[in-house]
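Working notes for the structure below.
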Amino acid sequence: MIHGGNATIYVSDMQRSVDFYTGALGLRLVYRADDHWAQLDTGGMTIALHPASDHNPAPGTPGGITVGLSVDVPIVDAIAALAEHGVEVRGPVSGGGGVALAFFADPDGNALYLAEESH
């Protein structure tokens, strides 16, 4: 069901953040969608940068970093599998660009989400 993922970090200034992660940390920029999304390769995981907004957590606050898990089954099936384990899920919702998202939390309240990319 899960076949990869990323740590999503909400940022207040996309260019400043891209400059930090590529310059100061030396990570490779893999993909950038203007100021809407950027993906960086750490050599073992992906860090995704997403702009903060009124409906996203503020940078540096609880929820300001989330873990996204890519699914290789229809997202509705993944949501149903989580529901069988008592996990409450919000979604699916469109994430734009052909991505469906579903949001939930682990037992400690840490933010997680599922992502299904249409191909």
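The values are calculated or read from the model by the stated rules, or taken from the named source; none is laboratory data. Just so we're clear, the structure is a prediction, and the values are computed from it rather than from any experiment. So basically every Cβ, Gly included, is an ideal-geometry build from the backbone, and we count neighbours across all protein chains shown.
Looking across the range 1-59, the residues that are among the hydroxyl-bearing types (Ser, Thr, Tyr), over 29 Å from ALA80 (Cβ atoms) and surrounded by 14 or more Cβ atoms within 10 Å (Cβ to Cβ) come down to SER17, TYR21, THR22, THR42.
Listed by position, the strands (runs of 3 or more DSSP E) contained in the range 1-110 that have at least 1 residues being in contact with a Ser or Thr (Cβ under 7 Å, 6 or more places away or on another chain) are 2-11, 28-33, 37-41, 46-51, 65-71, 99-105. In a residue-by-residue description of the range 108-116, the property of being loosely packed, with under 13 Cβ neighbours inside 10 Å and within 16 Å of MET1 (Cα to Cα) applies to no position.
Note on the range 49-78: residues that are free of Cβ contacts under 8 Å to residues at least 60 places away in the same chain, in contact with a Gly (Cβ under 7 Å, 6 or more places away or on another chain) and aliphatic (A, V, I, L, M) total 1. Quick check: anything in the range 84-94 exposed (fewer than 12 other Cβ atoms within 10 Å of the Cβ) and either touching a Phe, Trp or Tyr at 6+ places or on another chain (Cβ under 8 Å) or assigned by TED's automatic domain parsing to the domain that holds ALA7 (or both)? Yes, the range 84-94 contains at least one residue that is exposed (fewer than 12 other Cβ atoms within 10 Å of the Cβ) and either touching a Phe, Trp or Tyr at 6+ places or on another chain (Cβ under 8 Å) or assigned by TED's automatic domain parsing to the domain that holds ALA7 (or both).
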